[in-house]
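Student: Quick one: this structure, given as structure tokens, is what I'll be asking you about.
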Amino acid sequence: MSAVVNEPMTDTHLPSTGAKPADLYRFTSVDFALYAAIVLAWSTSWYPLSLQVGVVAPEVSLVWRFLGAGVLMFGYLLYSGRQIRFALADHVRFAMLGILLFSTNFALFYYASATGLASGLLSVIFSTASIINLILTTLVTGARPEGRVALGAILGLCGIALVFWPEIAGTSFNRSALFGVALGLCGTLSFCLGNILSASNQKRGLSVISANAWCMIYGAIWMAVVALFRGQTFAVEWTGAYLGSLAFLTLSSSILAFAVYLTLIGRIGAARAGYATVIFPIFALLISTVLEGYQWTGLSIAGLVLVVAGNYFVLSRKRA
């Protein structure tokens, strides 16, 4: 195996610590592009996720999803000569991140989907990541979140609540749905804990691309252990819907989206990067309108206005 390559600082690393603190609050054109890519990749992932639920156990689907993504990323690392070897302490961190961010959180959402919750409502639950990220960042760093960021997240969540209020308050919201919501919230917490750990990895100068390759492999191993413990087989469903959604989730929602999202965390912090989880449910809802016949109401339009307003507060530049 080739020797470790020392990579220059690129967009896949945390910005230089020599930057002024105020600069970290400003969005550059690169940040906007990364943000848009995340919204596009993840807003289109909820419907394919629903196609994964059914015949194949969630853990098994995730084994194939992240094993495939990890193998493809290692192929890219070898081709480009990027860093592959890391210290044992780094591998421990990669394994933890794999369990939190590249397996457990997804498994919990797969099971939440199996309770009958609509894909749009799952995206609403996941949008609480913006608030959870703010809370965790405050607890870990002791730093108070910027007021306009907190306000933007609150406005966004209020808007999402209005958009989905009929579904949340409807008669179909039963005990099974409540259990699904609990699973989704636990999955979101796992995702946010992974955000914090990823930011810590980037502060150590670890490449996002190299780290993600290892994390995905460890995530696949963890899901394989869980699947074996539960006595599940590793067969797949040989249908176009299952295989197509698996390919899409592997390439777009796993390889591309996570590389972009974790890079953005390193550039602007977990709290503001997490706001992407508030805006993409709107696009997921538009997809649901086309594919599932969702009907817009006065409440949903008002909610959309609040989400756009919240997005403005989070993304607009901090004034000196």
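Student: Give me the residue from the stretch 170-191 that is at pLDDT below 75 and open to solvent by 60 Å² or more (accessible area, probe 1.4 Å) and, out of that set, nearest to residue 126 (Cα to Cα).
Tutor: In this case the residue turns out to be 173.
Student: Residue 89: among the small types (Gly, Ala, Ser), surrounded by fewer than 23 Cβ atoms within 10 Å (Cβ to Cβ) and in contact (Cβ under 8 Å) with a residue 12 or more places away in the chain, yes or no?
Tutor: Numbers: among the small types (Gly, Ala, Ser): yes; surrounded by fewer than 23 Cβ atoms within 10 Å (Cβ to Cβ): yes; in contact (Cβ under 8 Å) with a residue 12 or more places away in the chain: no.
Taking the combined requirement at face value, the residue does not satisfy it.
Student: Can you pull out the residues in the stretch 205-230 that are modelled with pLDDT under 90 and either open to solvent by 10 Å² or more (accessible area, probe 1.4 Å) or small (Gly, Ala, Ser) (or both)?
Tutor: 205, 206, 207, 209, 210, 211
Student: Continuing with the same structure: Just name the residue that is modelled with the lowest pLDDT out of those in the stretch 25-52 that are open to solvent by 50 Å² or more (accessible area, probe 1.4 Å) and not in a helix (DSSP H, G or I).
Tutor: 26
Student: Which one of these does residue 202 not meet: (1) crowded, with 19+ Cβ neighbours inside 10 Å; (2) under 25 Å from residue 125 (Cβ atoms)?
Tutor: (2)
Student: If you don't mind, another one. Out of 121, 117, 97, 134, which single residue is surrounded by 19 or more Cβ atoms within 10 Å (Cβ to Cβ) and under 15 Å from residue 194 (Cβ atoms)?
Tutor: Exactly one of 121, 117, 97, 134 is surrounded by 19 or more Cβ atoms within 10 Å (Cβ to Cβ) and under 15 Å from residue 194 (Cβ atoms), namely 97.
The values are calculated or read from the model by the stated rules, or taken from the named source; none is laboratory data. Keep in mind that what you see is a predicted model, and the values were worked out from it rather than measured. Glycine also receives a Cβ, built like all others from the backbone with ideal geometry; neighbour counts cover every protein chain displayed. These accessible areas exclude ligands, DNA and RNA; they are computed on the full protein's heavy atoms, side chains included. Shrake-Rupley method; radii C 1.70, N 1.55, O 1.52, S 1.80 Å.
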